[in-house]
């Protein structure tokens, strides 16, 4: 007999429907899987055989052909075990076909018949809902995550036997796993930062406008500590953003079992030896990279000068477009990458970067040249971080994250209000045209900007960058128009890479 | 403006025996002893048939054509357009090759600003400020287009309106060092880039020393910004002293080897150059002319003055300049004001630094 079961294959950050078709007919015992299946899927034959027998079902000793359709889509991983087993049960008359009508099945089988967790449950549930299926059967461990999607009946099961009994209606579906305990991964708190109060306005501006931030300073002065606290002052994730982040983390396998919706903004700090594929995604089949894992959060590149040039260059498209397209063989995949970039670097090879620095001018030039390029062109804010003196360490305590976040949220709301009906969500994404049309820049502020443009020999991009940051400064002040004062602040925070004609070395 | 056949021939001879001269320089120690020698003796020194043949078969028209091809003007010491200052040398270059405007060379108000190639950010800043202020006062800045102080002085001069002269050791139309081609171009456009050697001549080590004598001669005085004890810039100062021209020196940290040369000069009685006003005063004493002073120091509010004083005291980051977020917010505005007044600049590694330009 022929049986057909719906399941889903994770493709990029989405799930696509796949039909598992099983056909059993007379002939010598054989078990063939066709339909662009990778090794893990073909190994499913052994797991399914053992799991069926160990769960007390009969494994048909006839000629079995399984097809995974559509055949052009590459199927990867062990998540096809369970639908395969169900298809065989139906095809061998051990389960009625109507029990699995309008139902998608996904899960990995162990030889004992137990069901193991799979990645990407949220994406699968969303796919099932899009395909207008009524029910999704999947491992109980990830049921809570799938249950974030409304209008679909989520059945979490722990073994093949339990699945059969549940779909037959012998038992009520097993209960959802318990709410996970409030996990301890609280955001780092801004008030842990001591002795860096002077940097708070700059951080606030960066967070409020989503501006890329460059921290420069000697080693051990707190650049990383500050960067880690940025997610805590960014606005909380909206429901849609949280779903997006959860889906990505689930597909990447970053989520612990039974975890629900992600509530904190991601913070990713890849090591500087990372490859371009690791940073923006790649591999075969394409996997999301750090840029995608930092989607809606912060991507922190510590020791920027140590990153390989190709890796940094690969960040251009993600930074510009908010997504990255990966082409591998016949597959084309788009991963979302809208993140705030925070970079940190030593000012010179020795790291001191002040009067004590003994680096030769040539070394400094080389160091700066490693930093320069298209990436620095997208840095909106530069702040120098210095070792705080001991009394500042004792006395200066940064404000609480919640206090700063309140101001940031208010500023973001102004931006959203202004950008109503546009795809952009924060000032950092504004084009110069939008700034002109919506920015409400006072003529006096524009005049000041013109003065700065001549004085600092800014590039056109540098000009726009200052204006963007100035708009955010005004938003933080609760000011509808951009005043000269705001431009001044933005100018003092600017990342200025315009070299003197003879920046001699 | 032209060059006579004899002078061109001599220049060609020097270019042809450039390698022999390197040896001779070592033997006779002072360049004047070599470059002042007549052609016949130079030919004997070379003692090579190839040089003699080339000397005998020299074609002045071809030499002129070669120079014109790369847009160089040739002026010999017999010509009236030859800079009078260069004639003070006991071994003036027979011909100078000029890229740019030759009339720049006649300016009376010219100061040489030279210094270390591996200068510190302080040295670069001072050189830049000197170049800019001198240029703004209408003084021609003469230097060697080398990395470090030289380039910074030229770049500073280009920021204001005055002309500037770059003296090269090799051909005037080829940027040296190559990475300074942008500056080379800009200097040739604003003033002139000159050299003693004709296009295509091989550049030996002695050429750089010989170049320094031209720098020293073209400036009414020479200012050394940073120099180690054995710096080539000190030879420029020596040449200037031999010519009876004044030599000024910019002080530096006593702990830095880059100050050893300049402090040595000061010890020997060179006037102290702390700012452009000192340099202009030095020049005024020589030429007897008045140079328009610096733009008056702007009146600062108390807040700006305090901030400026903090930066002068070596504080250069927001963390060092403000203790509360509110303070920092105000400081950001004030910093931009100070920067626009030209009193501070965002320097090395993102720190704010006091500029060497305007005094408050």
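Observations on the structure shown:
- Extension gain for the segment residue A:110 to residue A:454, taken as residue separation times 0.36 nm less the Cα-Cα distance, is 116.9 nm to one decimal.
- Value of relative contact order over chain B, rounded to a whole percent, pairs C-alpha under 8 Å and six or more apart: 15
- Peptide A:376-388, shielding by other chains (average Cβ, 10 Å cutoff): 3
- Inter-label distance, nm, simple model (7 Å from Cα along the C-beta direction), residue A:481/residue A:71: 6.9
- At R0 = 41 Å, FRET efficiency that the Cβ-Cβ distance of residue B:5 and residue A:356 yields, to 0.05: 0.10
- If you take the Cα centroid of the range A:380-417 and the Cα centroid of the range B:69-84, the two points sit 64 Å apart.
- With the convex hull of the Cα atoms taken as the outline of the range A:90-202, the averaged projected area works out to 11.3 nm².
- Value of D in µm² per second that Stokes-Einstein yields for the range A:51-95, Kirkwood Rh from Cα pairs, at 20 °C (1.002 mPa s): 182
- In angstrom, the C-alpha Rg and Dmax of the range A:430-505 are 12.8, 45.
- Chain B: Rg to Rh, with Rh as the Kirkwood radius over Cα pairs: 1.04
- q = 0.21, 0.31 Å⁻¹, the range B:302-354: log10 I(q)/I(0) [Debye, one scatterer per Cα]: -0.66, -1.46
- Kirkwood hydrodynamic radius over Cα pairs of the range B:5-97, then Stokes diffusion coefficient at 4 °C and 1.567 mPa s, in µm²/s: 92
- DSSP beta bridge pairing in the protein assembly as shown, given as percent antiparallel to the nearest 5: 45
- Packing-based order for A:444-450, A:388-394, B:146-152, A:375-381, using average beta carbon neighbours within 10 Å, highest first: B:146-152, A:375-381, A:444-450, A:388-394
- Applying Stokes-Einstein at 4 °C and 1.567 mPa s to the Kirkwood radius of the range A:199-292, computed over alpha-carbon pairs, gives a translational diffusion coefficient of 85 µm² s⁻¹.
- Partner chain coverage, peptide A:198-211 - average Cβ within 10 angstrom: 4
- Across q = 0.11, 0.12 Å⁻¹, chain A modelled as identical point scatterers on its alpha-carbon atoms has Debye log10 I(q)/I(0) values of -0.94, -1.05, in the order of the q list.
- Compactness of the range B:168-251 as Cα Rg over 2.2 N^0.38 Å, two decimals: 1.14
- Chain A, relative contact order in percent, only Cα pairs under 8 angstrom and at least six apart counted: 14
- The orientation-averaged projection of the convex hull spanning the C-alpha atoms of the protein assembly as shown amounts to 47.1 square nanometres.
- In percent, rounded to a whole number, the relative contact order of the range B:115-177 is 36, using alpha-carbon pairs under 8 Å and six or more apart.
- Annotation: for a label point projected 7 angstrom from Cα along Cα→Cβ of residue A:461, residues of the range A:357-395 with backbone N closer than 14 Å are A:371-381.
- Label-point separation, residue A:34 to residue A:175 (7 Å along Cα→Cβ), nm: 4.8
- Computed over the range A:364-444, the ratio Rg/Rh where both radii use C-alpha atoms and Rh is Kirkwood: 1.10
- Estimated purely from DSSP H runs of n ≥ 4, each contributing -39500 (n - 2.57), the mean residue ellipticity at 222 nm for the protein assembly as shown is -12000 deg cm²/dmol once divided by its residues.
- Base-10 log of normalised Debye intensity for the range B:225-329 (one unit scatterer per alpha-carbon) at q = 0.14, 0.18, 0.19 Å⁻¹: -0.76, -0.94, -0.98
- Look at where the Cα atoms of the range A:137-152 and of the range A:234-249 average out, and the two centres are 17 Å apart.
- Cβ-derived FRET efficiency at R0 51 Å, residue B:108 paired with residue B:59, nearest 0.05: 0.90
- Förster-model FRET efficiency, 35 Å R0, residue B:301 and residue A:406, C-beta, rounded to 0.05: 0.60
- Kirkwood Rh and Cα Rg combined as Rg over Rh, evaluated for the range A:288-333: 0.99
- Using only the C-alpha atoms, the convex hull of the range A:2-168 corresponds to 93 Å³ per residue.
- Point-to-point label distance, residue B:277-residue B:189, nm (Cα→Cβ direction, 7 Å offset): 3.4
All of the numbers you see were taken from the coordinates with simple rules; none came from a lab. As the structure is a prediction and not an experimental result, all values here were calculated from the model. Glycine also receives a Cβ, built like all others from the backbone with ideal geometry; neighbour counts cover every protein chain displayed.
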